[in-house]
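K.L.:
One structure, pasted below without further comment.
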Amino acid sequence: MSEGLLGGNVRALGLASFTFNPASVASATSAEQTVTVPGARVGDFVFLSKPTATAGVGIVNARVSATDTVAVTFVNATAGAIDPASETYKILWVRASGNLPGAIGD
């Protein structure tokens, strides 16, 4: 595994809060659901904060899947379906000004 440094600086970042009412997540599975996040672009780094804990449910990934669209992957580790409540989530997206080169020291 190689490590790299971002070339340049942070080009843009955005912070948003939005009401998200995830669909029910079936037992022992994961499900990706999308939400509109103005300003987010494919390739941005995404950090997502769910405001409360929901027993048996976790967020295992968040990514920009299309312009202004963030896909959030929920996992349900229980034996029954879980329907997370509607809540106000927070999201931070970060856009680098350069590309990720090869290994450090290249």
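The values are calculated or read from the model by the stated rules, or taken from the named source; none is laboratory data. Note that the coordinates shown come from a computational prediction; the quantities given were computed from them, not determined experimentally. Positions of Cβ are generated from backbone atoms using ideal geometry, with glycine treated the same way; all protein chains shown enter the neighbour counts.
K.L.:
Quick check: is even one residue across segment 47-58 without any contact (Cβ under 8 Å) to a residue 40 or more places away in the chain, surrounded by 14 or more Cβ atoms within 10 Å (Cβ to Cβ), in contact with a Ser or Thr (Cβ under 6 Å, 6 or more places away or on another chain) and on the phi > 0 side of the Ramachandran plot?
P.N.:
Yes, segment 47-58 contains at least one residue that is without any contact (Cβ under 8 Å) to a residue 40 or more places away in the chain, surrounded by 14 or more Cβ atoms within 10 Å (Cβ to Cβ), in contact with a Ser or Thr (Cβ under 6 Å, 6 or more places away or on another chain) and on the phi > 0 side of the Ramachandran plot.
K.L.:
All but one of (1) assigned to a loop (DSSP other than H, G, I, E, B); (2) at pLDDT 90 or above; (3) out of contact with any Pro (no Cβ under 8 Å at 6 or more places or on another chain) hold for Asn99; state the number of the condition that does not hold.
P.N.:
In the conditions (1) assigned to a loop (DSSP other than H, G, I, E, B); (2) at pLDDT 90 or above; (3) out of contact with any Pro (no Cβ under 8 Å at 6 or more places or on another chain), Asn99 misses (2) alone.
K.L.:
If you scan segment 20-36, which residues turn out to be free of Cβ contacts under 8 Å to residues at least 60 places away in the same chain and in a strand (DSSP E or B)?
P.N.:
Val25, Thr29, Ser30, Ala31, Glu32, Gln33, Thr34, Val35, Thr36
K.L.:
Right, next: Would you please name the residue that is nearest to Pro22 (Cα to Cα), looking only at residues in segment 52-96 that are under 14 Å from the mean Cα position of the chain (by Cα) and not in a strand (DSSP E or B)?
P.N.:
The selected residue is Asp68.
K.L.:
Kindly indicate whether Ala40 is under 13 Å from the mean Cα position of the chain (by Cα), under 13 Å from Trp93 (Cβ atoms) and part of a loop (DSSP other than H, G, I, E, B).
P.N.:
So Ala40 fits the description; yes.
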